[in-house]
Amino acid sequence: MLNDPAIGRGHFRAYSAGSRPRGAVHPLALELLREHGIAVDEVRSKSWDEFDASGAPRIDLVITVCDAAAAEPCPVWPGHPTTAQWSVPDPAAVEGGEVDRRRAFREAMRLLRSHIEELVAGHLDRGQSVD
């Protein structure tokens, strides 16, 4: 298994967006990313509508990561990319104390990392790149 904060670097370019962005990235998400050596300087909350605009990057694969988003109608993406859904509970929706919320963010990161490692390993084994 890959165990590097730069999983797929040079082979993949990833973007993150949502159907209803809240206007700011959750502080616990930023903290966890920094803790794992992932740069957050350019990270921001944004709508998936940005990827349908003129000049937007080409998207080859769209992955929804929360069950609520999987039930929403998605836009028709330019180029008709492949789509997938990974069930990852939304850590920002967890109620409770600080320990519970931090645990939820760590579990979401663990699940996402596992899915990403599998995706990257499968593409790299076949000599493919997504960019």
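The values are calculated or read from the model by the stated rules, or taken from the named source; none is laboratory data. Please read these numbers as outputs of a predicted model, since none were measured by experiment. A quick note on method: Cβ atoms are made from the backbone with ideal geometry, for glycine too, and the neighbour counts reach across all protein chains shown.
Data table
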| read-out | value |
| --- | --- |
| Options Val130, Val94; residue that is at pLDDT 90 or above, among the β-branched types (Val, Ile, Thr) and surrounded by 12 or more Cβ atoms within 10 Å (Cβ to Cβ) | Val94 |
| The range 102-122, subset within 23 Å of Cys66 (Cβ to Cβ) and either more than 16 Å from the chain's Cα centre (by Cα) or polar (S, T, N, Q) (or both), residue modelled with the lowest pLDDT | Gly122 |
| Count - residues of the range 1-60 that are in contact with a Gly (Cβ under 8 Å, 6 or more places away or on another chain), hydroxyl-bearing (Ser, Thr, Tyr) and farther than 19 Å from Phe105 by Cα | 1 |
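Here is a yes/no grid of residues against (1) out of contact with any helix residue (DSSP H, G or I) (no Cβ under 6 Å at 6 or more places or on another chain); (2) surrounded by 14 or more Cβ atoms within 10 Å (Cβ to Cβ); (3) in contact (Cβ under 8 Å) with a residue 60 or more places away in the chain:
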position	(1), (2), (3)
Phe51	yes, yes, no
Cys66	yes, yes, no
Cys74	yes, no, no
Gly79	yes, no, no
Thr82	yes, no, no
Val88	no, yes, no
Glu98	yes, no, no
